[in-house]
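This report concerns only the one structure given below.
The values are calculated or read from the model by the stated rules, or taken from the named source; none is laboratory data. Owing to the predicted nature of the structure, the values given are computational and were not obtained by experimental measurement. A quick note on method: Cβ atoms are made from the backbone with ideal geometry, for glycine too, and the neighbour counts reach across all protein chains shown.
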Amino acid sequence: MVNAMIFAGGTGTRMKTSDIPKQFIEVDGKPIIIRTLENFSTHPEVDGIVISCLEAWIDELWKLIEKWKVAKVVDIVKGGSTGHESIHNGLVRVDEFTKPEDIVLICDGVRPVMSEQLISNCIKLAREYETAVPVTPSIDSVLWSDDGEHCSKALPRGSMYITQAPQGYTMRKIMGAHLEAERRGIVSPTSSSELLIELGQEIHIYIGERDNIKVTTPEDLLTLRSHYYYERYKSFAREELKYGLE
């Protein structure tokens, strides 16, 4: 069995919107969270979806799921005060109806652009290695600074990778990591992959997609809107070419 666990508990402070969380912002007529969910609901290998959401927005999300006819949503649970806590709450719910060897795909709710192949690769590699984290090679030089003002160390760009989502794990692997984190008092790792690394475990990485952006800032929102405008333009161009040839 394969399940997606989508965490959408953030308020979007870096998006600088005070009235609506970033995952509920509409882009090209559809909320970002719905676009993200559709990537999993339409994937033939995904059996179910659990969402961890801001408590005040759970009812609204159910309405949107019904409006846009998003399939496979099993439940929406209350998010936490951190991303890690939101993921934990969602995983606890998924754990109620899965087996240790089942696969869970953990993804933030603001990744609306990802291919079916990316998800398929994640599932395949998670089954093989118990962990599967998509990454893209860093194309920029990377500097190390403890205080954000002074730097005396450059990191080798060829060894630097940017993590993406979804991140795939067996339930045995990720739930074990969360239980161990509780035991050690680890409360706020940046991501599931970083949690495993902090616990001394190795993760399997694979090359992701540069188009698979995480919508975090107003600049990301502009990039996303440009993506859909371009997709519409390509569609119109194909139609014009088709009828022009006829």
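Residues in the range 1-37 that are farther than 11 Å from V110 by Cβ and either buried (at least 17 other Cβ atoms within 10 Å of the Cβ) or touching a Gly at 6+ places or on another chain (Cβ under 7 Å) (or both) were compared, and the one that is modelled with the lowest pLDDT is G9. Residue selection: I203 fails the criterion of being part of a helix (DSSP H, G or I), in contact (Cβ under 8 Å) with a residue 40 or more places away in the chain and either surrounded by fewer than 18 Cβ atoms within 10 Å (Cβ to Cβ) or on the phi < 0 side of the Ramachandran plot (or both). Comparison of S141, S145, S120 shows that the only residue that is out of contact with any Gly (no Cβ under 7 Å at 6 or more places or on another chain), under 30 Å from E26 (Cα atoms) and surrounded by fewer than 16 Cβ atoms within 10 Å (Cβ to Cβ) is S120. Within the span defined as the range 174-195, every residue fails to be in contact (Cβ under 8 Å) with a residue 12 or more places away in the chain, assigned to a strand (DSSP E or B) and surrounded by 11 or more Cβ atoms within 10 Å (Cβ to Cβ). Does at least one position in the range 42-58 carry a residue that is in contact with a Leu (Cβ under 6 Å, 6 or more places away or on another chain) and crowded, with 22+ Cβ neighbours inside 10 Å? Yes, some residue in the range 42-58 is in contact with a Leu (Cβ under 6 Å, 6 or more places away or on another chain) and crowded, with 22+ Cβ neighbours inside 10 Å. Only residues that are assigned to a loop (DSSP other than H, G, I, E, B) and within 23 Å of S120 (Cα to Cα) were counted in the range 44-65, giving 4.
When we screen D108, D146 for residues that are more than 25 Å from P44 (Cβ to Cβ), of a type in the set (D, E, K, R) and out of contact with any Asp or Glu (no Cβ under 9 Å at 6 or more places or on another chain), the only hit is D146.
Candidates in the range 37-65 are the residues that are farther than 27 Å from L179 by Cα and hydroxyl-bearing (S, T, Y); of these, the one that is nearest to the chain's Cα centre (by Cα) is S41. Within the range 126-149, one or more residues are polar (S, T, N, Q) and closer than 25 Å to I49 by Cα.
Scanning the range 182-202 for residues that are touching a helix residue (DSSP H, G or I) at 6+ places or on another chain (Cβ under 6 Å) and either modelled with pLDDT under 95 or more than 13 Å from I87 (Cα to Cα) (or both) yields S188, P189, L196, L199.
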